Amino acid sequence: MTDDNDDPLSVRSVHLDSPPAARELMAAVGVAPRGVQIMAAKFTSRAVYVKDLHPAAANIVKQVALSSGAEAAVHRDAVTCRAARSDAVLFGTAKQLAAVGQKLTGQDFGLDAVGRAISRVVASWDAVPELTLKGECRRLEPPLVMGILNVTPDSFSDGGEFADPAAAVARARQLFAEGAAVVDVGGESTRPGAAYVSEKEELRRVMPVVEAVAGEAPVSVDTRKAGVARRAAEAGAAMINDVSAGRDEPATAEVCAEFDLPYVVMHMRGTPGDMQSDPRYDDVVGEVRDFLAARAGWAKARGVRQVIVDPGIGFGKNLEHNLALINNIPALADLGYPVMIGHSRKSFIEKLTGAEVDGRLGGSVAAALVAARRGAHLLRVHDVAATAQALAVAAAAGGR
Ligand code: HH2
């Protein structure tokens with residue numbers, strides 16, 4: 001990034017669970033130990049992270065924050081300009097941080113764009129997105145549950161179970177009865193190493209379910225193919241879920257624009273064939289966020305009205321990456337699109353607990369609750385009844 005920083009993606013929300021989490025983040029930014037001690041006293045759970053500032057800009061951010069009653073933790077050598085660049089963590093109430101954003105807007109050293117980005121990020125904290133599904137507008141807090149229905153022989157968890165169309169249709173109806181707001185029908189496994197499925201075969205698998213159920217309730221189709229998306233839309237599908245985010249077949253977004261369907265764009269590193277071979281990121285949250293912002297913008301430019309973003313848990317990510325993404329959902333939600341999380345029964349639960357695929361209910365429900373707390377708007381799960389029950393109890397007992 002240059003000094004005339006015009007990249008608003010350098011500013012993002014962070015959620016800090018506790019004062020130690022705040023201290024750890026400040027230490028990573030390069031704050032002096034004494035400064036960490038003083039500023040930890042101003043701990044707030046929601047903070048704004050600004051990446052890669054010129055030291056002059058970092059000093060202005062610090063002054064503006066202090067004059068607004070907020071705090072900005074910057075690198076210890078930003079003040080002497082010995083640090084070439086500094087990140088900043090801004091602590092304060094939403095009101096104080098909104099004032100910081102406003103005061104920075106119009107300033108030099110690239111701070112105009114940073115100020116506008118801070119204002120946008122802070123404004124997103126209180127916004128609850130909505131989603132129109134089959135003509136019905138749904139508020140996404142608490143999150144909607146999306147039931148998974150794989151009509152494949154080889155999906156990692158339910159492969160082969162619902163290959164028979166009658167069994168698949170019955171399962172879809174059961175998922176709705178258990179509390180799913182939408183059921184995601186997939187005819188191609190995207191598990192690591194999965195083989196490509198032809199369009200003809202994918203249509204043969206998914207269309208009987210879409211044709212039987214889409215008239216009754218909202219059906220999503222999990223497909224990377226524009227031809228499948230089109231046939232599903234013609235048969236009344238309510239949403240398209242594209243794990244390639246339109247990179248495989250850009251025309252998928254055009255189908256969503258034409259039929260005014262919500263379109264899920266998901267982050268994946270590599271392809272299902274190679275994605276799990278030693279994935280690496282410098283900044284997994286920042287890189288996934290930048291990708292989703294770009295793909296959502298791309299879909300919007302093609303006329304899609306409702307875009308949903310998904311960090312793609314398990315798609316080219318190791319355990320640490322998956323946990324960082326779940327913990328940093330606020331940094332994805334502040335892009336202004338509903339956030340979907342698909343954590344259900346995935347192997348990060350095995351890495352944490354040793355559980356085999358059919359024994360991951362507890363881990364899946366726990367991840368759903370954490371994701372809901374962090375602000376996820378749609379949870380894509382196999383176990384709808386257990387997830388819906390846990391969300392209802394968590395919302396009643398502890399909010400959201
Ligand atoms: N995960 C899978 C498939 N589709 N779509 C979105 N948006 N997000 C996800 O995390 C996601 C997804 C993989 O899970 P599953 O469908 O259970 O398995 P398989 O791909 O083996 O059919």
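The values are calculated or read from the model by the stated rules, or taken from the named source; none is laboratory data. Quantities reported herein were computed from a predicted structural model and do not represent experimental measurements. Glycine gets a Cβ as well: all are built from the backbone with ideal geometry, and neighbour counts include every protein chain shown. Accessible surface areas use protein heavy atoms only, side chains included; no ligands, DNA or RNA. Shrake-Rupley method; radii C 1.70, N 1.55, O 1.52, S 1.80 Å.
Taking amide hydrogens as modeled 1.01 Å from N in the peptide plane, which residues meet the under 5 Å criterion relative to ASP222, leaving out close sequence neighbours?
VAL185, GLY186, GLY187, ASN241
For the range 254-394, what is the accessible area per residue in Å², given a 1.4 Å probe and the full set of protein chains?
Accessible surface, normalised per residue, equals 36 Å².
Find out how many positive minus negative residues lie around ILE60, taking Lys and Arg as positive, Asp and Glu as negative, among other residues whose Cβ is under 12 Å from that of ILE60.
Values: positive: LYS62, LYS103; negative: ASP108, ASP112.
With Lys, Arg at +1 and Asp, Glu at -1, the net is 0.
Within the set of other residues whose C-beta is less than 15 Å from the C-beta of CYS137, count the net charge using Lys and Arg as +1 and Asp and Glu as -1.
Values: positive: LYS134, ARG138, ARG139, ARG305; negative: GLU130, GLU136, GLU141, ASP260.
Net of charged neighbours comes to 0.
Could you report the accessible area of PHE162 in Å², rounded to 10, computed with a 1.4 Å probe on the protein chains as they sit in the structure?
Here the accessible area works out near 30 Å².
What does the accessible area of CYS81 come to, in Å² to the nearest 10, when a probe of 1.4 Å is used?
Approximately 70 Å² for this residue.
Once both labels are modelled 7 Å past Cα along the beta-carbon direction, what's the PHE259-THR93 spacing in nm?
Output for this residue pair reads 4.8 nm.
If you build a Gaussian network model of the chain, linking Cα atoms that sit under 10 Å apart, which residue out of ILE60, ILE38, ILE240 swings the most?
Of the options given, ILE38 has the highest mean-square fluctuation.
I need the phi-derived Karplus couplings for the range 166-177: 6.51 cos²θ - 1.76 cosθ + 1.60, θ = phi - 60°, integer Hz, Gly and Pro marked x.
Result, ordered by residue: 5, 5, 5, 5, 4, 5, 4, 5, 5, 4, 5, 4 Hz.
Specify the angular offset, from 0 to 90 degrees and rounded to the nearest 10, of the alpha carbon long axis of helix 361-374 from the longest principal axis of the alpha carbons in the chain.
With both axes taken from Cα atoms, the answer is about 50 degrees.
Anyone know which of ARG360, ARG173, ARG82 comes out most mobile in the 10 Å Cα GNM of the chain?
Among ARG360, ARG173, ARG82, the largest GNM mean-square fluctuation belongs to ARG82.
Relative to the present Cα-Cα distance, how much length would full extension add between ARG85 and GLU178 at 0.36 nm per residue of separation?
On the way: separation 93, 0.36 × 93 = 33.48 nm, distance 5.19 nm.
Between ARG85 and GLU178, full extension yields an extra 28.3 nm.
How far, in degrees from 0 to 90, does helix 94-104 lean away from the longest principal axis of the Cα atoms of the chain, to the nearest 10?
Taking the Cα atoms of the chain, the angle to 94-104 is about 70 degrees.
Ignoring ligands, DNA and RNA, how do SER364, SER124 rank by accessible area with a 1.4 Å probe, largest first? Write down the numbers at each step before the final one.
On the way: SER364 5, SER124 30 Å².
Most to least solvent-accessible, the answer reads SER124, SER364.
Given springs between every Cα pair under 10 Å in a Gaussian network model of the chain, which of VAL36, VAL11, VAL255 has the largest fluctuation?
VAL36
Using helices alone, what [θ] at 222 nm do you get for the chain, with -39,500 (n - 2.57) per DSSP H run of 4 or more residues, divided over all residues and rounded to the nearest 500?
Calculated at 222 nm, the ellipticity per residue is -13000 deg cm²/dmol.
Please give the solvent-accessible surface of ARG76 in Å², to the nearest 10, using a probe radius of 1.4 Å with every protein chain present.
ARG76 exposes around 130 Å² with every protein chain in place.
What is the Cα centroid distance between the range 230-274 and the range 165-215, reported in whole angstrom?
15
Quick check: net charge around ILE38, other residues with Cβ under 15 Å of its Cβ, Lys/Arg +1 and Asp/Glu -1?
Working: positive: ARG23, ARG34, LYS42, LYS62, ARG76; negative: GLU71.
So the environment of ILE38 carries a net charge of +4.
Compare LYS51, LYS134, LYS346 by solvent-accessible area with a 1.4 Å probe and give them largest first, with all protein chains kept in place.
LYS134, LYS51, LYS346
Please give the helix 284-301 orientation as an angle from the longest Cα principal axis of the chain, in degrees from 0 to 90, rounded to the nearest 10.
Roughly 60 degrees between the two axes.
How many percent of the accessible area of the range 272-332 is carbon or sulfur, using a 1.4 Å probe?
Working: 1050 of 2230 Å².
Answer for the range 272-332 is 47 percent, counting heavy atoms of protein chains only.
Pairs of alpha-carbon atoms within less than 8 angstrom and 6+ residues apart define the contacts here; what relative contact order does the chain have, in percent?
Working: 824 pairs, mean separation 53.6, N = 400.
For the chain, the relative contact order is 13 percent.
Rounded, prolate or oblate: which fits the chain when a ≥ b ≥ c are the square roots of the eigenvalues of the alpha-carbon gyration tensor, with rounded for a/c under 1.5 and prolate only if a/b beats b/c? Show your work: numbers first, answer last.
Numbers: a/c = 2.08, a/b = 1.88, b/c = 1.11.
Cα axes put the chain in the prolate bin.
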